[in-house]
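One structure below.
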Amino acid sequence: MRVLLCDDTPEMRALLRYALEAEGGVDIVGEAGDGDAAVRLAADEQPDVVVLDLEMPGPDPEALVTGLRGAAPGAALVTFSGHEPAAVAGAAVD
């Protein structure tokens with residue numbers, strides 16, 4: 001499985017990388033620290049899965065999800081946020 005990690009905190013990306021690679025069968029194809037980089041990398045790498053912090057610098061959560069869906073339409077989005085679920089939930093739901 002090809003995975004793109006997107007979080008603005010390098011330590012969180014490192015933790016996610018460690019946890020996913022420990023499971024096996026995962027190839028981390030890129031890491032993004034902001035929303036614009038996430039969309040660019042998704043378009044370039046065409047990952048199977050995008051693990052996405054919805055509250056990163058760059059586009060608002062809704063625009064970020066829309067951009068990622070356009071850049072890598074076949075990718076599953078796995079989202080998380082440190083903010084209240086209601087504040088970002090609409091962005092992740094079709």
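A protection proxy built from the mean count of other Cβ atoms within 10 Å ranks the segments 21-30, 66-75, 38-47, most packed first, as 38-47, 66-75, 21-30.
Keeping all protein chains in place, calculate the accessible area per residue for the chain (probe 1.4 angstrom), answer in Å².
On the way: 5060 Å² over 94 residues.
For the chain, the solvent-accessible area averages 54 Å² per residue.
Approximating the spin labels as points 7 Å out from Cα along Cα→Cβ, the MET12-to-GLU62 distance works out to 2.2 nm. Rounded to the nearest 20, the size of the Cβ-charge dipole of the chain about its Cα centre is 220 debye, with Lys and Arg at +1 and Asp and Glu at -1. For the chain, the spherically averaged projection of the C-alpha convex hull amounts to 5.3 nm². Between 0 and 90 degrees, the angle of helix 61-71 with respect to the longest Cα principal axis of the chain falls at about 50 degrees. For region 1-49, the Cβ-based charge dipole about the Cα centre amounts to some 80 debye (Lys, Arg positive; Asp, Glu negative; other atoms uncharged). Taking the 1.4 Å solvent-accessible surface of region 1-78 as the whole, the part contributed by carbon and sulfur is 53%.
At a 1.4 Å probe radius, which order do LEU15, LEU54 fall into by accessible area, largest first?
Details: LEU15 110, LEU54 5 Å².
Order by accessible area, largest first: LEU15, LEU54.
The values are calculated or read from the model by the stated rules, or taken from the named source; none is laboratory data. Just so it is clear, the model here is predicted, and its values are computed rather than measured. We place every Cβ from the backbone using ideal geometry, glycine too, and count neighbours over all the protein chains shown. When the accessible area is computed, the model is the full protein with side chains, heavy atoms only, and any ligands, DNA or RNA have been set aside. Shrake-Rupley method; radii C 1.70, N 1.55, O 1.52, S 1.80 Å.
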